[in-house]
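Contents: one structure, followed by commentary.
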Amino acid sequence: KQEVTQIPAALSVPEGENLVLNCSFTDSAIYNLQWFRQDPGKGLTSLLLIQSSQREQTSGRLNASLDKSSGRSTLYIAASQPGDSATYLCAVRRGIDYGQNFVFGPGTRLSVLP
Amino acid sequence: GAVVSQHPSRVICKSGTSVKIECRSLDFQATTMFWYRQFPKQSLMLMATSNEGSKATYEQGVEKDKFLINHASLTLSTLTVTSAHPEDSSFYICSARGDRGLTEAFFGQGTRLTVV
């Protein structure tokens, strides 16, 4: 059974710092991995999607890497801003078949202080 | 990206009543929709998966008679929480996958259900 963990559970940093969020999964047979942002009481915003054959994806100040063999992904946020404060979730998919949907990690709660 | 609209965003209901939550794909046909539940400070847990025109498949521990899912069209799925109890209070999120490619699923905004 796939299990996804995220470290740290919570993180508080001053504005401008670069930071790394970690995601680990137990079964390396994944189809893809996706990083999401969730603001309090809100739905999910997709940040980056990495296919199993890829090693990293970049969007603006965000960079996500994937090491499938070791079951790890990192989300790197450069020059953090107060607007980045949110919970960040990583999720893995086993396949595109019916029912093969996401397994989510518990999230990292990020606070960026002005 | 594709847009998935979920309604209502918040609902408060009395114990014993039923609540319906709608999930619509606005600009694509959603052949598969997923319903998740998220309790405070916990991650999202998949409740059920539905294909258009078929019965939903429920995850272990989710009561199918309590959480009724209807996926009658390619753009609409509904989740009805029947005979709601306070312990059903949670955040419910749908996601949809469809003809825009199978690599990505798109999420609704979520519904905060409070049962009093």
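The values are calculated or read from the model by the stated rules, or taken from the named source; none is laboratory data. This is a predicted model, so every value here is computed, not measured. Here Cβ is always computed from backbone atoms with ideal geometry, including for glycine, and neighbour counts include all displayed protein chains. Note: accessible area is taken over every heavy atom of the protein model, side chains too, but ligands, DNA and RNA are not part of it. Shrake-Rupley method; radii C 1.70, N 1.55, O 1.52, S 1.80 Å.
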With the checklist (1) in contact with a helix residue (DSSP H, G or I) (Cβ under 9 Å, 6 or more places away or on another chain); (2) at pLDDT below 90 in hand, flag the one item residue B:67 doesn't pass.
(2)
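Yes/no matrix, rows are residues, columns are (1) within 11 Å of chain B (Cβ to nearest Cβ); (2) open to solvent by 10 Å² or more (accessible area, probe 1.4 Å); (3) over 27 Å from residue B:98 (Cβ atoms); (4) at pLDDT 95 or above:
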position: A:64; (1), (2), (3), (4): no, no, no, yes
position: A:67; (1), (2), (3), (4): no, yes, yes, yes
position: A:76; (1), (2), (3), (4): no, yes, yes, yes
position: A:106; (1), (2), (3), (4): yes, yes, yes, no
Provide a single number: the residues in the range B:1-26 that are open to solvent by 70 Å² or more (accessible area, probe 1.4 Å) and assigned to a loop (DSSP other than H, G, I, E, B).
5
All positions within the range B:43-52 that are over 10 Å from the mean Cα position of the chain (by Cα), part of a strand (DSSP E or B) and closer than 25 Å to residue A:37 by Cβ:
B:45
Hey, residue B:78 hits all of (1) surrounded by 14 or more Cβ atoms within 10 Å (Cβ to Cβ); (2) under 26 Å from residue A:86 (Cα atoms) but one; which does it fall short on?
(2)
Quick one: residue B:32 ticks every box in (1) more than 17 Å from residue B:109 (Cβ to Cβ); (2) open to solvent by 80 Å² or more (accessible area, probe 1.4 Å); (3) under 14 Å from the mean Cα position of the chain (by Cα) except a single one, so which number is it?
(2)
For the range A:1-46, which residues satisfy the criterion of being closer than 16 Å to residue A:104 by Cβ, open to solvent by less than 40 Å² (accessible area, probe 1.4 Å) and of a type in the set (A, V, I, L, M, F, W, C)?
A:4, A:21, A:23, A:25, A:30, A:33, A:35, A:36, A:44
Only residues that are within 11 Å of chain B (Cβ to nearest Cβ), hydroxyl-bearing (Ser, Thr, Tyr) and either outside any loop (DSSP other than H, G, I, E, B) or touching a helix residue (DSSP H, G or I) at 6+ places or on another chain (Cβ under 8 Å) (or both): list them for the range A:1-31, please.
A:5
Determine which single condition residue B:32 fails, assuming it passes every other condition in (1) within 13 Å of chain A (Cβ to nearest Cβ); (2) closer than 14 Å to residue A:43 by Cβ.
(2)
Kindly list, by first and then second residue, each pair from a residue in the range B:35-49 that is within 7 Å of chain A (Cβ to nearest Cβ) to a residue that is among the charged types (D, E, K, R), limited to pairs with Cβ atoms under 9 Å and residues at least 6 apart or on different chains.
B:44/B:37; B:46/B:37; B:46/B:59; B:49/B:59
Apart from one, (1) within 14 Å of the chain's Cα centre (by Cα); (2) within 14 Å of chain A (Cβ to nearest Cβ); (3) under 17 Å from residue B:29 (Cα atoms) all hold for residue B:92; the odd one out is (3)
